[in-house]
Each structure stands twice: as structure tokens, then as C-alpha cells.
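These notes are about the structure you will find just below.
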Amino acid sequence: MSRLRSLLTDRLVLGLLVLAALVLGMPALKPLFAAAFPALDRPLYEADGFLALTLDHLALAGGASLIAVLLGGAAGIAVTRPFGREFRGILDAVAAMGQTFPPVAVLAVSVPVLGFGPAPALIALTLYGLLPIVENTVAGLESVPEPVREAARGMGMGPGALLWRVELPLAAPVILAGVRTAAVVNLGTAAIASTVGAKTLGLPIIVGLNGSNPAYVIQGAVIVAALAVVLDAGFDRLAARLTRWRPGTD
Amino acid sequence: MIAFEGVTKRFGAWTAVDSLSLTVAAGEFRVLIGPSGSGKSTVLRMMNRLIAPDAGTIRVEGEDIARLKPETLRRRMGYVIQNIGLFPHWTVERNIAAVPDLLGWPKARVRDRVTELLALLNLDPERYRGAYPHELSGGQQQRVGVARALAAEPQILLMDEPFSALDPITRGALQAEMAGIHKATGTTVVFVTHDMDEALALASRIAVLDRGRLVQSGTPLDILTDPADDRVRDLVGREDWGLKRLAVETVAERLRPGETAPGEPLAAGASLRQALAAMVARGTDRLPVADGQGRPVGTLHLADLLRGPDRS
Ligand SMILES: Nc1ncnc2c1ncn2[C@@H]1O[C@H](COP(=O)(O)OP(=O)(O)OP(=O)(O)O)[C@@H](O)[C@H]1O
Ligand SMILES: [Mg+2]
């Protein structure tokens, strides 16, 4: 009984349940939308299935975040190694510059270059996601205390063991915070990416805005909101797991 | 065991170690002492190649360490760094097991070794093996640091001010444990400190450094009775020099065998300093002395205690 209760009060579980209900059960809410917006001929967005839109949305935001993690992580690791130290300045400058562009602007700029479709969206999202990840990877690796590094080297860890066993686990909470920022931004920006021709949950929102159909807007927006809640709770869970060794987290 | 031959290390314009020649014999407890910035840590870090010398040769068991793979060399040496440097994301058990894990010891053997070391350093194994470093007191962290360095039974133990920043009682206890471990394992120890009392208590030989140069090298008694210059004299302290000298000799060395005296007997292994304290406390100039088993072995006279050390 108490297990069921703790499951139901868990933000992650609850978020997932609400998300699944919204994605799969949106057609069942049609009468509700019809009653709320009696002036509308079509109170339910039916051009695409919400499940397909959600999966495409996740593929775009998740794919871009994953690529950004791999590239950004690698770049962050490289500039904190002896061989890459000289590129640190360039990377910092690029990161600072990139951070001043809002994601919508990145998207708008990438269309003339890359055309319409999911490809420019993926690239724009990846580029924007790179910045917080690179910055946090560098900050996280640099936060590893020098005595810890010296102890690791002094006991005979090679550069690989030092990185994988000591530096990355210690930097992980900071890196994760960067990934979280990137993922949250990407989740939102992926909706806007519908304007450049990517099929995402932004599509009902944009169609609804263009056609003065607030029901469409709400249908797209609540699923994005539910996704954001699940993502946030998931990152909380992961962060707690990665910082178990820290003072005051247990 | 370890030999420095004309070793020099510069940081920019600053010469941290200046053509240093120094040997550490196998099984020796060698203490490096000197004021802050005198190059003690730099000397230690050159022994395990964390720092490369600009000139000179360092040999370990006759081999030039510049020819050895740093990782291999380091896994043969335990290293306790000045700032402890425990891995905060690992439990006490995993911290201690770090080098055995790198060496690929079987799990069961690692576990047994961790238990053994925690017990040796007076940390209850069941209570502390799963703890994270931040859950330990400073003294407990330093114990774990020592245990970690001892874990893979190294031939050489490098210790950089391992007991600094501890209260005198904990410090004394850890010194006694360290002396016991050295006696039991026969490991060669190179121990850095800037505390002369600690050096005198632990060392079989002391090397005094100043501005990267070797000022004097010798046994604690040599350093006390025959300081090379004023810098060494300052280090041993001018006011309590006498007490320090008494602290490095045992009662057994000044004993009159066969005689008896009234009162609670003193252990033959006690220092002359402890003997003097006992005489003052009891208001007597003669103390009975007993061996480890409590059998009377003779007496100690104040006059013998005051006489200079036997240098035969
Ligand atoms: N990595 C470094 N870069 C530049 N200078 C250094 C470096 N390491 C040590 N030094 C300098 O070399 C000198 C000797 O330093 P070292 O750490 O060996 O002193 P120490 O005797 O261990 O001092 P302490 O008792 O304070 O620990 C100091 O003047 C220090 O500033
Ligand atoms: Mg030092």
C-alpha cells in the first residue's frame, strides 16, 4: 500500500502516466474540446497522430542532445588534456558567442543555409545544445581537486584510468547540469522547429496559431509540458544518483 | 634502495632542489625535514616521477627511474600526499583498494586486505568500509590515506606530511602506529615533515633540507648532538634541546644492570625523557627498570641520565 502510494507521488512516475494518457488518449478528449470551444468545426488535431508527433519530437530533441553530448563532451575533454590546452581560448570564445544567440535565431539562420526539413532543425538544435555541454564539461573537469588528481597519478593510474575512474565521475554532476540545460532548451526549440518543416509537437501549435484554433495549440502544448515535467524529474533522479557521494545528499 | 645523484629541479628562475645527493637505505625510515618551501615535496615527487629533474640521476634499487614506465614505478611505491587526496566519490573500501585493483588482485584478496588495513589503523572495518570520505574526521581521512598507500604492500612508502593538521594526541597515536607498521613490514619509508619532534621520534636517519640543498644527513642523535650549522640548531630548538636529546635515547642504554630500587618499575624501552619525568614526579634520583615481561633488569640513576650519550 505504502509502496503504491510512494509510486503515485513520485514525480517521474506520475509525469510518465500523465504523458502516456495525453499522448494515447487525446482523441478521447475530443468531446471536452468541443464543449470548451463550440465555435470550432474541428476541435481535435487529426492530421497526424499524437504518438507519431511525440516520437518525432523526442527523436529530434533527443538525437540533437545526444550528438551534442558526444561532440561537446569530447571537445570539453580535449581542451582539458595537455595536447588540447591551446584550443581552450578559441572554444571559450565560440561558446560565449554562441550563448548570446537565442535558439530561435539559430534556427532562422540555419534555414537559408540548409533548407527546410528535419535536417536543419537537427543541426540547429545540436549546435545550440553544444554550448552548455562544452562549458560544463570543462568546468566539471577543472573542478576536480588537484590533490585528488595527484593522488591518482601518484598511485599509478595512467591518463585513461585517471579520466574514466576519477575525473569524469567527479565532473559528472556538473556535466549533467549542462546536458539538462541543453535537453530542456532542445525540447522547447524542437517545437519551434515545425516552422522550418520538421514534424514535431510544434505542428499542432503552429497550425492552431495560424488557423485561430486554440484547441490545437492546447493539445500540442500540454504534451510538450508533460514531456518537460518527465524530463525534469528524470534528470533529478539521475543527478541524485550521480551525487550520492557528496555531503548532505543522503 | 633510493639514490639521488646531483639532482636539480628548477621552477622558472627558482631552484627548488639544488644538486642534491642523498641515499635512502633499504628498510630505513628516512625523514626529510626543513622549513616550508625547502623542496621536501619536490624531492618526494621526483622519487615517483610526478616531477622530472632538470639534472642528475635518481636510482631505485640501482635502476635509473627515468628508464622505467612511470605507472609501473608508482605501483611499487605507496604515496601519501600532503593534502590526503582521497577519492571523494569512492567509499573507504574502494579508496584503499585502488592500487590492488589497478594491479588486478582477485576480489577476495582485496577485500581481506582492506579489512586487515582498517584494523591495523584502528578503524572498525564494518563501520567504515562503506563510508564516503566526507563522512570521516580529518584524522580518519589521514588514516585511510595511509592505508591506501600501504594496500599493495609497496617496497617503498613515500609520505608527505601525512599527520599534519592533527591534534597532538591523534598525531602521537598515528606516529606510534606508523612506527609499528614500519617495524612489522620492513618497508623503506621516506617521510616528510617540518616538525622536529616527529622526525626525532620516527626516523632512523634524518635529512635536513634548506632552500633545496642538503644541510645535514644523519641519525637523530647525530642531528641533536652535532648540528651542522645554525639552521639545524634552530630546527632542533635551543631551549628544549636537552629534552629532545633525552627523547631519542632509551632507558636500556643507560641502565645499571643487576641493581634494584624501590617503587613502580619503568620499562626498559621507555625514553630517557619519560624517565626524567618519572624522577621529577616521584622526587627520586633512582628508578627500578623492568623488561617487556615485567622482570626487573636494573636501575637508572639521574647521574647516568645527565651524562652525555655513549658515542662508542
Ligand atoms: N609546480 C610548481 N611550480 C612552480 N613552483 C613550484 C612548484 N612546486 C614547487 N614549487 C616551488 O618550489 C619550492 C619548493 O616547494 P616544495 O613544495 O617542494 O616545498 P616543501 O618543502 O614541500 O614546502 P612545505 O613544507 O610548505 O610543503 C617552493 O618555493 C615552491 O614555491
Ligand atoms: Mg610540501
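The values are calculated or read from the model by the stated rules, or taken from the named source; none is laboratory data. Please read all numbers here as calculations on a predicted model, not as lab measurements. In this analysis, Cβ positions are derived from the backbone assuming ideal geometry, glycine residues included, and neighbour counts consider all displayed protein chains. For accessibility, only protein heavy atoms count, side chains too; no ligands or nucleic acids. Shrake-Rupley method; radii C 1.70, N 1.55, O 1.52, S 1.80 Å.
Some values worked out for this structure:
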{"quantity": "Residue within segment B:213-229 that is within 16 Å of ligand 1 (Cβ to nearest atom) and within 14 Å of chain A (Cβ to nearest Cβ) present", "calculated": "no"}
{"quantity": "Selection from segment B:29-43 of residues that are assigned to a loop (DSSP other than H, G, I, E, B), surrounded by 19 or more Cβ atoms within 10 Å (Cβ to Cβ) and not polar (S, T, N, Q)", "calculated": "B:GLY34, B:GLY39"}
{"quantity": "Test result for A:LEU176, within 15 Å of the chain's Cα centre (by Cα) and within 14 Å of chain B (Cβ to nearest Cβ)", "calculated": "yes"}
{"quantity": "Lone qualifier among A:LEU60, A:LEU55, A:LEU8 - being under 26 Å from A:THR189 (Cβ atoms) and in contact with a helix residue (DSSP H, G or I) (Cβ under 7 Å, 6 or more places away or on another chain)", "calculated": "A:LEU60"}
{"quantity": "Some residue of segment A:143-160 being in a loop (DSSP other than H, G, I, E, B) and away from chain B (no Cβ under 14 Å)", "calculated": "no"}
{"quantity": "Any chance B:ARG111 is open to solvent by 10 Å² or more (accessible area, probe 1.4 Å) and touching a Pro at 6+ places or on another chain (Cβ under 8 Å)", "calculated": "no"}
{"quantity": "Selection from segment A:15-33 of residues that are closer than 14 Å to A:ALA225 by Cα and in contact (Cβ under 8 Å) with a residue 40 or more places away in the chain", "calculated": "A:GLY15, A:LEU16, A:VAL18, A:LEU19, A:LEU22, A:VAL23"}
{"quantity": "Every residue from segment B:27-42 that is within 16 Å of ligand 2 (Cβ to nearest atom) and away from chain A (no Cβ under 14 Å)", "calculated": "B:ARG30, B:VAL31, B:LEU32, B:ILE33, B:GLY34, B:PRO35, B:SER36, B:GLY37, B:SER38, B:GLY39, B:LYS40"}
{"quantity": "Segments classed as helices (runs of 4 or more DSSP H), wholly inside segment B:44-129, with at least 2 members that are away from every other protein chain (no Cβ under 14 Å)", "calculated": "B:107-120, B:125-128"}
{"quantity": "Residue in segment B:2-18 that is within 14 Å of chain A (Cβ to nearest Cβ) and either open to solvent by 40 Å² or more (accessible area, probe 1.4 Å) or more than 14 Å from ligand 1 (Cβ to nearest atom) (or both) present", "calculated": "no"}
{"quantity": "Qualifying positions in segment A:59-90 - assigned to a loop (DSSP other than H, G, I, E, B) and surrounded by 17 or more Cβ atoms within 10 Å (Cβ to Cβ)", "calculated": "A:THR80"}
{"quantity": "Any hit, segment B:62-78, residues being modelled with pLDDT of 95 or more, open to solvent by less than 60 Å² (accessible area, probe 1.4 Å) and touching a Ser or Thr at 6+ places or on another chain (Cβ under 7 Å)", "calculated": "yes"}
